[in-house]
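Read-outs: derived from the displayed coordinates by stated rules, not from any lab. Only a predicted model underlies this, so the values are computations on that prediction, with no experimental measurement involved. Positions of Cβ are backbone-derived with ideal geometry, glycine not excepted, and every protein chain shown enters the neighbour counts.
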Amino acid sequence: MSAGMQVRSQGGQAWAARPEVTPVPTAPATVVILGLSQAATEIYGRPLLERILLNCQRAGISRFVVDCDPNKRGLMREAAGQFAADPGLLLVEIGKNGVPGLPANTACVMVCGNLVFAASHLARLLALQRAQPGQVVALAVGAGAAEAQLCAGPLTDLLDRRHATSHRPGSIGADLPYAMDGRESKSEAELRLARAMRLETAHTDGFMARWLDRRLSWRISRRLAATPITPNQVTWFNTALGLLIATLVASTSYWYRVGGGLLLLVSVTLDGVDGELARLKMTESEAGRRLDVLTDNLVEVAIFIGLLVGCYRGSGNQAYFYLLAILLGGFGFCAISVNRAVSLSKEQFKRWIELVERVAGRDFAYLIFVLALLNGFSWFAWGTAFGTWIFAGGLWILTSLKLRCAKVED
């Protein structure tokens with residue numbers, strides 16, 4: 001139950017991490033952007049053009065060709081944000097004759113219209129393009145967006161608007177991609193982006209995180225994204241809240257313990273907000289990831305120590321001091337086992353890693369709240385102290401079996 005603290009060290013729930021750039025040798029290195037009439041419209045503080053370029057860069061694309069009227073190049077470059085001085089940014093007029101300097105058969109991604117999409121959409125598009133090289137593939141865009149496209153294929157075919165094989169967007173529902181058709185649709189685009197946050201993590205979230213925590217956290221993230229509040233500020237606030245919880249559960253007062261259990265549910269919900277906020281604002285960073293991991297681990301250890309201290313203070317039984325040593329050792333074993341399990345990089349381990357992340361999440365917070373109501377923290381203390389060792393040992397064995405099977409298959 002407590003093993004979840006180390007899963008986030010691998011980025012499973014640390015949404016403050018900077019997405020890794022994962023270029024694929026056969027993937028297009030060029031994006032062509034057409035019909036972007038709302039390039040400067042800010043979506044959660046970033047111009048639409050800059051958001052598109054960031055998503056493309058994170059997919060390994062290094063050349064950005066933007067169709068632009070010569071008289072508006074200054075405004076378009078300003079809307080490019082951090083890419084304004086990027087040598088890979090080309091602001092040109094694009095006609096049916098193609099793009100100067102690009103061969104007609106160049107494999108490209110094309111974004112047509114004021115399109116808001118997620119990084120996962122672009123990853124899916126590139127995977128479809130690799131499976132059908134030389135053909136035009138596209139992701140379906142919602143109703144009312146006939147002029148909007150997110151597609152990939154040879155440059156000439158893209159510019160001629162030849163028939164594309166259309167596919168469903170993928171894992172984050174029908175909200176995205178979304179084509180803005182006027183400034184009034186900015187709020188709708190922001191709503192859809194925020195709503196998609198909970199769907200993008202569904203494959204690794206635990207049961208309660210998926211069906212309750214994320215349904216609340218994206219609403220909080222959406223509102224905070226419209227303010228100057230940063231993801232790291234949310235992280236520090238949640239850390240302070242976690243240390244307060246540890247103090248409350250260490251109390252001998254029944255109502256303080258119940259209050260601590262209730263605040264823990266609040267903390268678990270806020271635990272996803274910093275990452276969601278970073279993704280909405282596109283301000284992910286390695287420093288943010290490390291801070292999130294460090295503070296999550298600190299809070300979880302503090303809460304479990306607080307529980308054991310509270311049990312000792314309430315009973316006077318010195319056995320809880322020995323349980324504390326056993327628990328801390330179990331935490332260390334869990335850290336090693338979970339990190340070993342989620343560090344497997346082969347594609348064949350993808351489902352296994354997702355299962356580990358889901359099982360090792362923070363759904364245990366709901367159990368703590370129930371036990372606080374029942375005045376049963378002592379049960380949790382004994383169960384967790386030995387349960388961490390059982391969990392870590394079982395995970396180590398299962399991971400070893402997975403590795404052994406993979407070697408046999410190779």
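Summarising the strand pairing of segment 30-186, around 45 percent of its internal DSSP beta bridges are antiparallel. Only Lys, Arg, Asp and Glu carry charge here, each on its Cβ (+1 for the first two, -1 for the last two); on that basis segment 261-306 has a dipole of about 80 debye about its Cα centre.
Our summary gives segment 30-186 a relative contact order of 25 percent, counting only alpha carbon pairs under 8 angstrom and 6 or more residues apart. Looking at Ala138, Met180, Gly45, which one has the Cα that reaches farthest to the positive end of the dipole of segment 30-186 (charges on Cβ: Lys, Arg +1; Asp, Glu -1)? Toward the positive end, the furthest listed residue is Ala138. Averaging the sequence gap over all C-alpha pairs within less than 8 Å and six or more residues apart, then dividing by the number of residues, gives segment 35-80 a relative contact order of 47 percent.
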